[in-house]
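> Structure in structure tokens, see below.
Each reported figure results from applying straightforward, stated rules to the coordinates on display, with no laboratory input. Computed from a prediction, not measured in an experiment: that's the story for all the values here. Note: ideal-geometry Cβ built from the backbone for every residue, glycine included; neighbour counts use all protein chains shown.
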Amino acid sequence: MRNDKQNIIVEKTFDFSLQIILFTEILRTNHKFELASQLFRSGTSIGANVKEAQNAESKADFIHKFKIAAKEADETVYWLEICLKSEVLPSPDEILLKQAIEIGKIISKIISSSKRSSFSN
């Protein structure tokens, strides 16, 4: 089921991962290692699961991998909101949070449209 065409969600999640890496380095410089690790794992896992879905063995496998990506996106939004609201943590650029929310919405749309198309086949 591999598809090597240009894929916007693959590109968006890859670019987002790079931004997460930069922000987690700021957290590490401020000795916020635990949070940096949590955010690094969830933020980069979104793209890894989206990329992995491109090689899904079936429609069900594709949807499953996107569901994992959706959970990771939700977790990433949570950690970014913690950073924004906390008085003791460095705040991310609000664009980073907006990107995480947008990616989560796109992933949800992909899941729902994939589910619909699997029932019509």
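> Between Ile82 and Leu22, what is the label-point separation in nm under the 7 Å Cα-to-beta-carbon projection?
Reported label-point gap for Leu22 and Ile82 is 2.3 nm.
> Using the C-alpha gyration tensor of segment 8-116, what are the square roots of 5 times its eigenvalues, in whole angstrom, with the largest one first?
27, 13, 11
> If you don't mind, there's one more thing I want to ask. State the Cα centre-to-centre distance between segment 35-59 and segment 85-108 in whole Å.
Computed from Cα coordinates, the inter-centre distance equals 16 Å.
> In addition: What distance in nm separates the simple spin-label points at Glu94 and Arg41, each placed 7 Å from Cα in the Cβ direction?
3.1
> Compute the long axis of helix 33-53 from its Cα atoms, compare it with the longest principal axis of the Cα atoms of the chain, and write down the angle in degrees, 0 to 90, nearest 10.
Once rounded, the angle reads 20 degrees.
> Just to be sure I understand the model, the point goes 7 Å from the Cα along the line to the Cβ. What's the resulting Ser117 to Gln54 distance in nm?
Going by the 7 Å Cα→Cβ label model, 1.6 nm.
> Quick one: helix 8-29 against the long Cα principal axis of the chain, what's the angle to the nearest 10°, folded into 0 to 90?
Once rounded, one gets 20 degrees.
> Relative to the longest principal axis of the chain, what angle (0 to 90°, nearest 10) does the C-alpha long axis of helix 94-120 take?
Between helix and principal axis, roughly 20 degrees.
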